[in-house]
1. Return the pairs, sorted by first residue and then second, in which the second residue is part of a loop (DSSP other than H, G, I, E, B) and more than 10 Å from the ligand (Cβ to nearest atom), the first residue lies in segment 46-62 and is without any contact (Cβ under 8 Å) to a residue 60 or more places away in the chain, the beta carbons are less than 8 Å apart, and the residues are 6+ apart or on different chains.
2. Hey, could you check segment 162-179 for residues that are surrounded by 14 or more Cβ atoms within 10 Å (Cβ to Cβ) and at pLDDT below 95 and say which is farthest from Leu191 (Cα to Cα)?
3. Do any residues in segment 16-32 that are closer than 14 Å to Arg44 by Cα and free of Cβ contacts under 8 Å to residues at least 60 places away in the same chain have Cβ atoms under 9 Å from those of residues that are more than 15 Å from the ligand (Cβ to nearest atom) and β-branched (Val, Ile, Thr), where the two are at least six apart or on different chains, and which pairs are they?
4. Working only within segment 55-112, note down all residues that are more than 11 Å from the ligand (Cβ to nearest atom), outside any helix (DSSP H, G or I) and among the small types (Gly, Ala, Ser).
5. Out of (1) under 15 Å from Gln176 (Cβ atoms); (2) more than 14 Å from the ligand (Cβ to nearest atom); (3) in contact (Cβ under 8 Å) with a residue 24 or more places away in the chain, the odd one out for Thr148 is which?
6. Here are Asp117, Asp185: which of them is modelled with pLDDT of 95 or more, more than 18 Å from the chain's Cα centre (by Cα) and away from the ligand (no atom under 15 Å from the Cβ)?
Amino acid sequence: MTAQFPGYFISFEGIDGAGKSTHIESFAQLIKDRHPDREIVLTREPGGTQLGEQLRGLLLDAPMNLETEALLMFAARREHIAQVIEPALRSGKIVISDRFTDASFAYQGGGRGLSLDKLNDLERWVQGRADGSLLQPNLTILFDLPGTVAEVRRSKVRAPDKFEQMDLTFFEKVRQEYLRRAKADSKRFHLVDATQTQESIWSGLQKLDIKLVDE
Ligand code: TYD
């Protein structure tokens with residue numbers, strides 16, 4: 001069961017190089033134009049708080065044990081939920097986050113091989129609520145594309161961080177875990193074929209029908 005708040009929670013996901021960051025700001029503006037009465041909170045993971053951004057610096061640079069990595073991802077997320085996400089949703093705001101828990105299942109689980117049982121436990125710990133529900137995005141937009149295409153795109157833009165240096169097999173495993181989760185929760189996920197041009201992706205995003213809780 002997903003927790004209900006007056007606000008609305010959207011996450012953007014995909015393997016590195018899929019193009020989610022290209023669209024997230026214009027998407028936030030689009031939602032703002034459609035709902036001028038609602039405040040939009042644009043945030044990211046790992047990060048989103050002062051402590052979370054410090055943890056992000058460590059997570060993206062320092063090599064570490066897999067379980068340490070998962071625990072720090074969820075520690076940053078706990079802080080993000082407590083300080084930013086939950087208060088915003090309670091007061092009716094629209095939260096748009098560049099990544100959330102699906103990334104932990106995809107990267108630490110699918111990519112690096114941490115057991116799904118451990119990830120489920122961490123999710124319950126960090127996102128569980130007193131009524132037994134889990135704090136989850138209302139909508140997750142998954143930018144999907146083959147690892148080979150993403151690799152070419154990444155090589156054109158910037159110096160890679162720790163995750164971006166991983167090989168093709170890693171990204172294929174991350175992608176498969178994202179797709180498995182999307183299939184298992186098709187009501188929450190909206191799949192974007194990220195091999196399309198930026199223009200077609202954008203026109204697809206503009207057609208998304210988003211029903212806010214009080215509408
Ligand atoms: P990303 O969101 O791609 O930001 P940027 O566009 O600045 O590169 O980078 C965050 C990285 O962190 C990405 O490689 C995925 C990884 N990550 C995890 O491995 N687990 C998680 O739970 C989260 C939130 C991110």
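1. As it stands, the answer is Leu58/Met64, since those pairs meet every condition given.
2. Narrowing segment 162-179 to residues surrounded by 14 or more Cβ atoms within 10 Å (Cβ to Cβ): 162-164, 166, 170-179.
If we keep only those that are at pLDDT below 95 too, we end up with 162-164, 166.
Numbers: Lys162: 26, Phe163: 22, Glu164: 22, Met166: 24 Å.
So the residue we want is Lys162.
3. none
4. Ala62, Ser91, Gly92
5. Just one mismatch for Thr148, condition (3).
6. On the way: Asp185 fails: more than 18 Å from the chain's Cα centre (by Cα).
The conditions single out Asp117.
The values are calculated or read from the model by the stated rules, or taken from the named source; none is laboratory data. Computed from a prediction, not measured in an experiment: that's the story for all the values here. We place every Cβ from the backbone using ideal geometry, glycine too, and count neighbours over all the protein chains shown.
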